[in-house]
Each structure stands twice: as C-alpha cells, then as structure tokens.
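Each reported figure results from applying straightforward, stated rules to the coordinates on display, with no laboratory input. Source: prediction; values computed, not measured. Here the Cβ positions follow ideal geometry from the backbone for every residue, glycine too, while neighbour counts run over all protein chains shown.
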Amino acid sequence: MAQELEMKILTDVGEFSRCLARMKQITASDGDGYVQVNYYFDTPQFSLASAHAMLRVRRKKNSLFLQYKNKRKRLGDMLLCQEEEALLSALPVTVNPARYFPKAPDVDCRLLGSLVTYRQDFLCCGTVVSLDENIYFGKTDYEIEIEGDADGIRQVADLLCPVGESKRGNGKFSRFLKAYQEYYNESLKGESL
C-alpha cells in the first residue's frame with residue numbers, strides 16, 4: 001500500500017494556460033502529455049464515498065489499473081491517502097474491491113461513469129506536477145495536481161500560484177460525484193413532469 005501526499009488547485013482556463021507556460025519555462029520541457037480516463041465505482045448507497053474511500057479503474061497509456069484510495073485525510077491544503085493498485089485486462093461493469101485488496105470492504109460496486117483527463121506531467125523540484133483538463137457530465141474544469149513531499153509541494157505551489165490566485169480544491173472523484181448526483185437528480189425531475 002503506497003502513501004500519497006498531494007495538493008489540488010482548481011483554476012480557470014486562463015490561469016491554467018499561464019501555469020502551463022510557466023511549467024514549460026521552469027522545466028525547459030513540454031512535459032509528458034497523454035489522455036487518461038477514470039471510471040468510478042461505488043455501491044448504490046455510495047458506501048465507499050461515505051467512508052472517504054474511492055474505487056476507480058484508470059486507463060492510462062493503454063493499460064488499465066484498478067485503484068483503491070482510502071484513509072483520505074486533509075493536512076492543511078494537502079491531502080494524504082493510502083492507495084493500492086492492481087493491473088486489469090478489461091474494464092469491469094461491477095467490481096468487489098475486497099477481491100483485489102485485502103483491507104478493502106467486501107461490497108459489490110457498480111460503474112457510475114467516467115471522467116476524461118487531458119494531462120501534461122512535469123517534474124519540478126523533485127515533485128510531479130500534473131496540469132489537467134477534466135471533462136465529465138458535460139462539465140470541463142482545470143486542475144493542477146502537485147504530488148511529492150510537503151516541502152516540494154509548497155515550493156512548486158508558490159512558483160505557480162501566488163497566494164490568493166487559486167482555489168485549493170477537492171479531488172476529481174468529489175467533483176465527479178457532485179456532478180453525477182446533480183445530473184441524475186435533474187434527470188429524475190424531468191421524468192416526473
């Protein structure tokens with residue numbers, strides 16, 4: 001089980017473009033660009049989300065990884081969590097995380113939907129910096145993820161986003177889940193009319 005410390009910063013498209021240009025300047029590279037797709041799973045009662053856990057299949061560079069994150073905890077403007085991963089050969093429609101991860105709950109989870117990310121990765125100050133354009137349920141948002149140790153994360157955040165210019169944000173799954181619930185609540189309202 002790996003431990004992950006990261007900061008997530010939500011931006012608008014203008015600030016995102018400025019940060020991308022700044023990363024290219026700082027690192028003297030174009031970074032590593034690719035598309036990744038997150039397929040999110042939970043029970044009909046959202047028992048994983050209620051327990052501050054998340055289950056997804058991530059398609060990245062022609063590989064599928066089942067990923068389980070739990071024990072998510074805020075440390076100021078950073079997020080600390082435990083993450084486990086298993087390689088898959090195909091995308092499931094339902095999955096029980098306990099079959100792959102011994103400490104995961106023994107529950108059947110269904111596919112909720114997907115979030116597509118156009119990602120540009122950079123290495124700066126020994127820290128991984130990902131600039132993400134995310135698309136889900138007809139929404140597009142822009143996010144900077146900074147992953148590494150606390151000092152490296154703060155150093156990169158200060159280089160990219162002076163205090164007050166950005167909003168520290170929740171993760172993709174939280175935003176996806178909120179959009180999912182809004183989408184299906186609207187759909188149910190439309191059916192009852």
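Explain nothing, just the number: relative contact order of the range 61-191, from Cα pairs under 8 Å at least 6 residues apart, as a whole percent. Working shown, then result.
Details: 153 pairs, mean separation 17.4, N = 131.
Averaging sequence separation for qualifying contacts and normalising by length gives 13 percent for the range 61-191.
State which entries of 73/178; 24/60; 24/71; 24/103 exceed 31 angstrom in Cα-Cα distance in the structure shown.
Details: 73/178 19 Å; 24/60 22 Å; 24/71 34 Å; 24/103 40 Å.
Too far apart for the 31 Å limit: 24/71; 24/103.
Restricting to DSSP H runs of at least four residues, report the calculated mean residue ellipticity at 222 nm for the chain, -39500 (n - 2.57) per run over all residues, nearest 500 deg cm²/dmol. Write down the numbers at each step before the final one.
Working: 4 runs with 51 residues, N = 193.
Counting only the DSSP helices, I get -8500 deg cm²/dmol.
Would you calculate the separation in nanometres between label points at residue 27 and residue 103, each defined as 7 Å from the Cα along the Cα-to-beta-carbon direction?
Reported label-point gap for residue 27 and residue 103 is 3.0 nm.
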